[in-house]
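Worksheet for the structure shown next.
The values are calculated or read from the model by the stated rules, or taken from the named source; none is laboratory data. Everything numeric here is computed off the predicted structure, so don't read it as measured data. Note: ideal-geometry Cβ built from the backbone for every residue, glycine included; neighbour counts use all protein chains shown. Heavy atoms of the whole protein, side chains included, go into the accessibility calculation; ligands, DNA and RNA do not. Shrake-Rupley method; radii C 1.70, N 1.55, O 1.52, S 1.80 Å.
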Amino acid sequence: MIRCTLYGKSLVLEVAGELDLNNAEEFRTALDSLIDSHPDVRQVVLCMDQVTFIDSSGIGVLFGRQRRMASRGGALSIASPGPQARRALDLLGVPSIMRVYDSREQALAAEAEVRKCTRK
Amino acid sequence: MHAKVNHARVEFDAIPGNLGFARVAAASFAASLGFTVEELEDIKLAVSEAVSNCIVHAYPKSNSGPAKVRMNMETSESGVTISIEDTGVGIADIAAARTPGMTTDSQRLGMGFTLMEALANSLSVTSEPGAGTCVAMLFSPGRGG
Ligand SMILES: Nc1ncnc2c1ncn2[C@@H]1O[C@H](COP(=O)(O)OP(=O)(O)OP(=O)(O)O)[C@@H](O)[C@H]1O
Ligand SMILES: [Mg+2]
């Protein structure tokens with residue numbers, strides 16, 4: 001259910017469809033196995049432009065994966081949410097916990113910048 | 001120009017596979033009332049939260065009885081009222097359950113009721129432990145932001 005591309009130390013994931021209770025467990029398992037199989041990755045960028053619907057069940061999965069990435073000194077960020085996803089993320093206060101970028105390019109550029117700073 | 005009063009009711013099994021159906025049913029019932037696309041998306045999100053709660057909380061897996069959700073939709077001069085009802089375990093302390101971040105499931109956010117409150121013009125929760133829960137939400141078109 002997730003397309004995955006590695007850009008240096010950033011893992012870019014593309015997910016599509018509706019993220020709700022119907023597939024939250026599948027979504028969580030898929031994200032966890034991708035995170036586990038890339039132990040060197042510090043930044044996971046989740047592209048959400050193909051996500052047509054998300055509710056608290058889906059966003060709960062994002063919070064959990066963000067915590068997992070934080071525990072290895074990394075982060076999960078969100079890129080290109082559509083209008084519905086943006087609204088749900090905002091209502092749940094996600095932007096104060098995870099970085100939310102308008103596009104994948106912005107996310108990758110910003111993440112590269114963050115890495116440069118933390119390396120110094 | 002007032003919409004004629006209209007009413008519909010659907011009953012479905014309390015399973016995750018019916019969430020999409022419940023969202024679309026509610027939004028298409030409301031669609032004739034002049035809601036914007038964004039407002040219809042808000043209705044879908046609120047319905048998704050209420051129905052998810054019936055599936056996750058109202059009917060623990062150990063229960064073998066019929067696990068059904070009933071969704072009642074009614075138009076009025078103020079908009080559409082959508083009530084979502086289960087005959088599950090009920091909620092002993094409704095005020096506590098509605099508190100942001102309050103959950104009985106460590107895997108969840110405890111934000112469902114908070115979202116419903118933000119999305120609907122008004123939200124009422126009635127419940128009786130052992131008998132079930134009813135969540136009624138009013139949505140009015142053109143309420144903005
Ligand atoms: N239909 C219901 N039947 C029984 N208990 C319910 C029902 N709806 C909600 N509850 C109780 O109220 C609590 C709060 O519900 P709420 O939707 O706000 O959060 P949640 O479902 O726990 O988490 P989230 O919605 O963020 O995934 C639940 O944890 C549950 O204990
Ligand atoms: Mg909930």
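Put simply, the Cα atoms of chain A extend 42, 26, 22 Å along their principal axes, the longest span coming first. Extending 7 Å from Cα along the Cβ direction at residue B:21 and again at residue A:97 yields two label points whose distance is 3.1 nm. Less than 5 angstrom separates the built amide H of residue B:14 from those of B:67, B:68, B:69, all sequence-distant by 5 or more or on a different chain.
The figure for residue B:126 is an accessible area of roughly 80 square angstrom, using a 1.4 Å probe on the protein chains alone.
Put B:41, B:74 in order of accessible area, highest first, and with a 1.4 Å probe you get B:74, B:41.
Comparing A:48, A:110, A:30 along the charge dipole axis of chain A, the residue lying farthest to the positive side is A:110, per the Cβ-charge model. For residue A:76, the solvent-accessible surface computed with a 1.4 Å probe is close to 0 Å², ligands and nucleic acids excluded. If you wrap the Cα atoms of segment B:36-135 in a convex hull and average its projected area over all directions, you get 6.8 nm². Where in segment A:39-83 does the label zone of residue A:9 land, with the point 7 angstrom along Cα→C-beta and an amide N cut-off under 16 Å? Within reach of a label on residue A:9, which here means backbone N under 16 Å from a point 7 Å along Cα→Cβ, segment A:39-83 contributes A:39-45, A:69-77.
Its residue count N sets the reference 2.2 N^0.38 Å, and the alpha-carbon radius of gyration of the protein assembly as shown equals 1.08 times that reference.
Run down the lysines and flag those whose C-alpha is under 21 Å from the C-alpha of residue A:116, throwing out any fewer than 8 positions away in its chain. Partners found: A:9.
Positive contributions from Lys and Arg (+1) and negative ones from Asp and Glu (-1), summed over other residues with Cβ under 13 Å from the Cβ of residue B:99, come out at -1.
Charge tally around residue A:69: other residues with Cβ under 13 Å, Lys/Arg +1 each, Asp/Glu -1 each, net +3.
Could you tell me which of the pairs B:4/B:61; B:44/B:68; B:4/B:68 are separated by over 31 angstrom between their Cα atoms in the structure shown? Checking Cα-Cα distances, B:4/B:61 exceed 31 Å.
Heavy-atom accessible area with a 1.4 Å probe sorts B:68, A:9, B:44, B:61, largest first, into B:61, A:9, B:68, B:44.
Taking all protein chains together and a 1.4 Å probe, the residues B:127, A:71, A:37 rank A:71, A:37, B:127 from largest to smallest accessible area. Remark: accessible area buried at the A-B interface is about 1600 Å², both chains counted, probe radius 1.4 Å. Whenever you get a sec, compute what percent of the accessible area on segment A:2-119 sits on carbon and sulfur atoms (1.4 Å probe). The nonpolar share, carbon plus sulfur, comes to 50 percent.
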